[in-house]
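Structure first, commentary second.
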Amino acid sequence: MGKLTVRALRAVLVVVLTGTVFVQALMVWALVSGNDLEDGSLPLTPLRVITVLGIGAAQVTLVCVWRLVTMVRRGTVFSHAAFRYVDVIIGAIVAASLMWFTVTAVNAPGQRDDPGVTLIMGGIGLAILGVALIVLVLRTLLAQAVARDVEAAQLQAELDEVI
């Protein structure tokens, strides 16, 4: 991974993390201050709480990606230490999908006239779970690469003994 790519990715991560913290702060302020403009038509308070938690899951993912990029730059990404970050990313994606399903359930009573919206939202939740499965497959590939790296190191050590 080149230096330009790492810098560009880190710049994007910083911008997204800053933006999400700003949105979270505004939502928490609206909930705590009592300046909630909820008129009773939608359950805005539960939706805001779920959104704050969902943004938190995204922030956890951003931090883990930052750590993995750091490991890539150092050449240590093919180690057992990388698994904990990948596992946290998978957990955060699954948590985000569960929160999306919760948003779907909270929103469903208001969609009685148009149940297609609820079905589409459910489909989006399944797509988010699909992303978690893709990351799980990538974790398996990482595990295979780490195993091969360990095997190569062992073979190199044996070869060094012979020579």
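The values are calculated or read from the model by the stated rules, or taken from the named source; none is laboratory data. Computed from a predicted model, the values in this text were never measured in an experiment. Cβ: placed from backbone, ideal geometry, glycine included. Neighbour counts: every protein chain shown. The protein model used for the area step is the full one, side chains on, heavy atoms only, and it has no ligands, DNA or RNA in it. Shrake-Rupley method; radii C 1.70, N 1.55, O 1.52, S 1.80 Å.
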Determine the share of segment 66-163's accessible area contributed by carbon and sulfur atoms, expressed in whole percent, with a 1.4 angstrom probe. 67 percent
Mean separation of Cα contacts under 8 Å (at least 6 apart) over the residue count of the chain, i.e. the relative contact order in percent, is 22 percent
In Å and from the alpha-carbon atoms only, list the Rg and Dmax of the chain. 21.4, 80
If I model a spin label as a point 7 Å beyond the Cα along the Cα-Cβ vector, how far apart are those points for Leu138 and Ala81 in nm? 2.0 nm
How many nm separate the modelled label positions at Val106 and Val88, each set 7 Å beyond the Cα in the direction of the Cβ? 2.6 nm
With a 1.4 Å probe and every protein chain left in place, work out the accessible area per residue of the chain in Å², rounded to a whole number. 64 Å²
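Assuming R0 = 45 Å, can you tell me the calculated FRET efficiency for the pair Ala153 and Gln59, based on Cβ-Cβ distance, to the nearest 0.05?
0.80
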Report ³J(HN,Hα) in whole Hz for each residue of segment 99-107, in order, from the Karplus equation J = 6.51 cos²θ - 1.76 cosθ + 1.60 where θ = phi - 60°; Gly and Pro get x. 5, 5, 4, 5, 4, 4, 5, 5, 7
Probe 1.4 Å, all protein chains in place: accessible area of Ser33 in Å², nearest 10? 40 Å²
Short version: ³J(HN,Hα) in whole Hz for each residue of segment 157-163, in order, from phi by Karplus 6.51 cos²θ - 1.76 cosθ + 1.60 (θ = phi - 60°), x for Gly and Pro, what are they? 5, 5, 5, 5, 5, 5, 6
What list of ³J(HN,Hα) couplings, whole Hz, do you get for segment 140-153 from phi and the Karplus terms 6.51, -1.76, 1.60, once you set θ to phi - 60° and write x for glycine and proline? 4, 5, 4, 4, 5, 5, 5, 4, 5, 5, 5, 4, 5, 5
Give the accessible area for Phe22 in Å² (nearest 10); use a 1.4 Å probe, count only protein heavy atoms, and leave out ligands, DNA and RNA. 130 Å²
